[in-house]
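Below: one structure, written as structure tokens.
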Amino acid sequence: MAIAEQHIAEAQTTQGAEKEFSWREWLATVDHKKIGIIYILSAFAFFVLGGIEAVLMRIQLGVPDNTFLSADIYNQLFTMHATTMVFLVVMPLNVGIGNYVVPLMVGARDMAFPRLNALSIWLFIGGGLLLYLSFLTGGAPNQGWFAYAPLTQTQYTPGQAVDYWILGLGLTGVASIAGALNFIVTVLNMRAPGMTLNRMPLFVWMNMVVSFIIIFAFPTFTVASIQLLFDRQFGAAFFNPAQGGDAVLWQHLFWFFGHPEVYILILPVMGMVSEILPTFSRKPIFGYAFVAYSGVAIGFLGFIVWAHHMFGVGLGPVANAFFAGATMLIAIPTGVKIFNWIATMWGGDVRLTTAMYYAIGFIAMFIIGGITGITLASPPIDLQQTDSYYVVAHFHYVLFGGSILGLFGGAYYWFPKMTGRMMDEGIGKVQFWLTLISFNLTFFPMHIVGTEGMPRRIYTYEAGMGWEIWNLIETIGTFLLAFAVLLFIYNVAKSLRNGEPASNDPWDASTLEWAIPSPPPSYNFLNLPVVNSRRPLWDAKYPHAAGDDHHGAPSKPSQVRYEYTTEDSPGAKDIHMPSLTFMPMILSGGLTIASLGFIYINQAILGLPTRVASYVFIAIGIAMVFYAIRGWVVDSRRDSPYLGHH
Amino acid sequence: MSSTAGHAHHDEAHQKPLVGSMGVDSRKLGLWAFIGSETLFFATLIVTHLIFYARTSNVLESAGVIEYLDPRLGYLAIELTTVLATLLLASSLTMVLALAASKARDWKKFRFWQMATILLGASFVGGQVYEFVHLYHEGLKLAPSFEMHLSHEAYQALSAMNLDPSIVTLKEAGEHATAVVPSLFGVTFFVMTGFHGLHVTIGIIWLLAVYIKVMRFPDSPENPMDIELGGLYWHFVDLVWVAIFTLIYLI
């Protein structure tokens with residue numbers, strides 16, 4: 001014990017000496033841990049922006065007949081709120097934590113393609129900034145995050161807002177596909193010796209499933225939005241019924257992507273919860289295989305349910321029956337997961353840390369959102385409630401009550417690993433209760449006003465509909481929720497400064513990321529670990545229980561600190577990690593600039609005739625892309641084990 | 001518990017291509033996954049085209065004018081595209097030969113077959129550009145209607161039918177008669193085949209980059225895998241053309 005503590009103290013002093021902040025080391029990084037943190041920070045910045053949009057909307061709806069916002073601004077806000085939260089917050093937060101944790105969990109030194117990983121983060125940031133630039137150039141997109149045709153045709157949405165939306169999301173889409181390919185190869189091909197697929201941590205499993213969903217779901221959205229861009233820029237009329245196009249085709253293509261997208265948002269969080277619950281119950285997950293393969297089943301079923309978003313279209317009884325049935329089937333694997341989580345806690349030696357609070361809160365809130373989801377799967381019920389606040393309540397219970405609560409849990413759980421400091425548990429628990437209560441104040445009344453007939457996306461409503469009190473409660477809840485987010489930011493800032501130093505393994509957990517220092521060295525593992533079970537670290541700490549595939553951890557936390565790696569080992573010098581490179585950032589900057597030019601391809605801007613400014617932007621962007629590709633090749637040759645020495 | 005696997009792995013890396021826990025090169029695994037993704041990209045484009053072609057042909061058929069105005073029969077020249085398909089399929093064969101030559105470390109042969117692949121691919125793209133220009137002059141454009149030239153007999157037959165202008169409008173200017181048909185055939189055709197052509201072009205650049213790299217570093221043990229990856233992508237874009245050729249030109 002004493003020796004172990006000394007090790008940790010030494011590790012921290014050496015890290016303290018190394019830790020001189022350098023912009024270059026972050027902007028040119030290819031380290032999955034730094035990239036993960038950039039993902040998390042930028043997504044959190046977008047979370048604050050999306051939250052501000054939500055608060056503005058709730059101020060407007062707090063009282064009837066309010067004139068705080070105009071209808072158009074309100075449309076921009078609900079479009080940007082949803083687009084932000086889906087594409088720029090929950091997805092990248094999942095990717096960010098996954099980026100940090102997955103390579104550690106599988107015992108790898110980095111992602112399979114570190115430079116591609118850097119490209120993903122800068123493309124994501126480029127796409128997000130491009131989308132938000134629209135606020136400064138004539139107004140943000142106001143067509144809704146689903147961008148239904150023919151509202152998106154130029155005669156109904158003139159200006160460039162929809163084009164910003166298409167190209168901004170196009171860039172983040174490329175980032176997502178590149179990231180998903182990286183996760184697939186990392187998980188399949190970079191696992192430590194002995195880590196078979198059925199020994200992978202469940203968070204790794206869910207990231208793999210989600211990566212497959214991304215590579216198969218995103219292309220449909222990419223094509224649909226390219227077709228929409230052709231409609232808007234070149235008069236193609238894919239989705240313009242007045243000229244022979246098909247508005248419902250857009251809905252099919254969008255939701256063929258859009259429904260799998262909601263599993264992209266929730267499955268990684270289910271993976272986080274599947275890590276947190278066993279650690280703090282001091283028991284292995286109950287029904288590991290069921291939890292893993294029910295995630296696979298959800299991934300498959302997610303591709304055959306898209307038209308339940310379209311019952312209002314009137315697709316006919318056969319289509320409605322099929323999509324209703326398939327949707328209800330998803331309740332089975334989801335229920336399997338929920339029962340397994342509960343059974344994991346059952347009989348466990350439960351430690352109620354903040355992360356555990358959030359994991360349990362996740363289960364409770366997700367069940368509510370799941371149940372309203374099952375009712376909405378029934379076409380007759382859906383036809384009553386579609387486009388009402390009931391639907392808004394439903395998806396906020398799964399996306400906030402589910403994803404965001406789980407993500408807070410993941411943040412409290414992995415913060416010590418990422419920063420080397422513990423988060424303040426006292427503030428954390430206050431923050432949890434404040435979040436949970438204000439979340440329910442904000443969103444539970446939406447079930448009620450929804451069933452009373454309050455439509456979604458209205459910017460105001462008349463007095464006397466019986467909705468006033470509920471809307472006021474929702475608005476108060478939103479302010480409290482915003483305060484809860486501020487409290488989280490305060491907790492992070494405070495804990496970063498004076499949080500208790502974190503050991504390698506503060507939670508006495510079972511997965512490999514806790515075997516190495518907090519924060520880990522750039523190469524992660526000095527010696528690649530060998531894995532003999534699903535709980536390699538518990539095997540190491542409790543060898544008497546190893547070999548029994550159902551063993552848990554003794555109820556008292558381990559006094560033995562097992563370490564796979566030490567900081568001062570001479571072997572560390574022989575590990576070659578890929579060098580810093582700015583090329584991924586320049587490449588994504590080029591694509592962002594070219595996209596910006598493309599938005600104005602039919603416009604006269606910056607005092608120049610039509611197309612001139614646009615072509616200049618596109619030319620600069622493409623020049624940057626070619627420069628970066630060339631530089632990329634040069635940089636990667638420098639790191640090649642075959643050519644680097646020549 | 002701990003082992004020296006890390007060191008062993010690292011040393012091996014200097015001798016043989018990087019193979020991971022699946023027993024496959026990481027880049028190859030990633031490329032296969034990317035090809036899976038691209039399959040859905042092209043499936044969406046092809047399905048969109050087929051939907052709108054089916055609509056146009058249904059309308060023309062129920063109006064009884066499909067024999068004069070079917071855009072597939074009227075525009076798509078099967079002779080030209082058969083030649084193009086042959087070029088592209090031949091390029092898949094030469095790609096296989098280039099890879100085989102690289103595995104035998106016969107760089108002279110590799111150079112020949114890789115360059116043959118690049119040239120066949122380039123002539124395919126050239127043929128496609130020619131086809132696009134030709135179709136544009138024939139009245140098939142990136143627009144929600146096409147304007148088809150009519151033979152004298154066709155014009156006579158159609159003008160006797162007194163057709164609804166929402167289905168077809170006849171125009172006569174001197175010697176030349178045309179029929180304007182509202183249809184997304186052109187839009188969906190150009191976007192689909194255009195994106196395929198773009199992929200072929202990227203493939204050509206890729207194969208050219210591999211060619212230059214292998215010439216500059218003939219001793220690199222990575223060469224066969226670099227060539228195989230370029231080839232894998234190349235075979236995929238060929239296969240997409242087989243699907244487009246069969247579904248749009250042949251059937």
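The values are calculated or read from the model by the stated rules, or taken from the named source; none is laboratory data. Quick caveat, the model's predicted, so the values are computed rather than measured. Ideal geometry is used to build each Cβ from the backbone, glycine not excepted, and the neighbour counts take in all protein chains shown. We work out accessible area using only protein heavy atoms, side chains counted, and drop any ligands, DNA or RNA first. Shrake-Rupley method; radii C 1.70, N 1.55, O 1.52, S 1.80 Å.
Starting from the Cα of A:Leu136, step 7 Å along the direction of its Cβ; do the same at B:Ala122; then give the gap between the two resulting points in nm.
So the label points at A:Leu136 and B:Ala122 sit 4.4 nm apart.
Given R₀ = 30 Å, FRET efficiency for B:Ala209-B:Ile51 by Cβ-Cβ distance, to 0.05?
So the FRET efficiency works out to roughly 0.20.
Classify the protein assembly as shown from the C-alpha gyration tensor, please: rounded if a/c falls under 1.5, else prolate or oblate depending on whether a/b exceeds b/c.
oblate
By how many nm would the segment from A:His544 to A:Asn198 lengthen if fully extended, with 0.36 nm per residue of separation less the alpha-carbon distance?
122.3 nm
For chain B, find the longest principal axis of its Cα atoms and tell me its angle to the long axis of helix B:185-216, 0 to 90°, nearest 10.
So the helix axis and the longest Cα principal axis differ by about 20 degrees.
Using 1/(1 + (r/R0)^6) with R0 = 45 angstrom and r between the beta carbons of B:Trp32 and A:Val48, what's the FRET efficiency to the nearest 0.05?
With a Förster radius of 45 Å, E is 0.70.
What's the FRET efficiency of B:Met115 with A:Val313 using the Cβ-Cβ distance as r and R₀ = 51 Å, to the nearest 0.05?
0.45
Could you tell me the total accessible area buried at the B-A interface, probe 1.4 Å, in square angstrom to the nearest hundred?
So the total buried area for this chain pair works out to about 4000 Å².
Which distance in Å, rounded to a whole number, links the C-alpha centroids of region B:170-208 and region A:300-314?
Distance between centres, Cα-based: 32 Å.
Could you calculate the contour length gain from A:His576 to A:Phe146, that is, 0.36 nm times the residue separation minus the distance between their Cα atoms, to one decimal place in nm?
150.3 nm
Please check chain A for the longest run free of GluC sites (Glu not before Pro) that are loop-located per DSSP (anything but H, G, I, E, B) and have at most 12 other Cβ atoms within 10 Å.
In chain A, the maximal stretch lacking such sites is A:21-461.
Given the C-alpha centroids of region A:43-86 and region A:417-463, what is the distance between them in whole angstrom?
15
How far is it, in nm, from the label point at A:Phe483 to the one at B:Leu170 when both lie 7 Å from their Cα along the line to the Cβ?
Reported label-point gap for A:Phe483 and B:Leu170 is 7.8 nm.
Along the Cα→Cβ direction, 7 angstrom out, place labels at A:Arg497 and B:Leu247. What is the inter-label distance in nm?
The answer from the label model is 6.0 nm.
At a threshold of 8 angstrom on Cα-Cα distance, excluding pairs fewer than six apart, so keeping six or more, what relative contact order does region B:18-153 reach in percent?
17
Taking the Cα atoms only, what angle lies between the long axis of helix A:354-376 and the longest principal axis of chain A, rounded to 10 degrees?
For helix A:354-376, the angle is close to 30 degrees.
Can you give the calculated 222 nm mean residue ellipticity of chain A, where each DSSP H run of n ≥ 4 adds -39,500 (n - 2.57) and the sum is split over every residue, rounded to the nearest 500 deg cm²/dmol?
Using -39500 (n - 2.57) per qualifying helix, the result is -21500 deg cm²/dmol.
Does anyone have the angle between helix A:612-639 and the longest principal axis of chain A? Alpha-carbon axes, 0 to 90°, nearest 10?
Compared with the principal axis, the helix lies near 20 degrees.
Working with all protein chains in place, sort A:Leu352, A:Leu606 by solvent-accessible area computed with a 1.4 Å probe, largest first.
A:Leu606, A:Leu352
Which links in B:Lys28/B:Lys141; A:Lys34/B:Lys28; A:Lys417/B:Lys213; A:Lys283/B:Lys28; A:Lys33/A:Lys337; A:Lys34/A:Lys541 stretch past 31 Å when you go from one Cα to the other?
As for pairs spanning more than 31 Å Cα to Cα, those are B:Lys28/B:Lys141; A:Lys417/B:Lys213; A:Lys283/B:Lys28.
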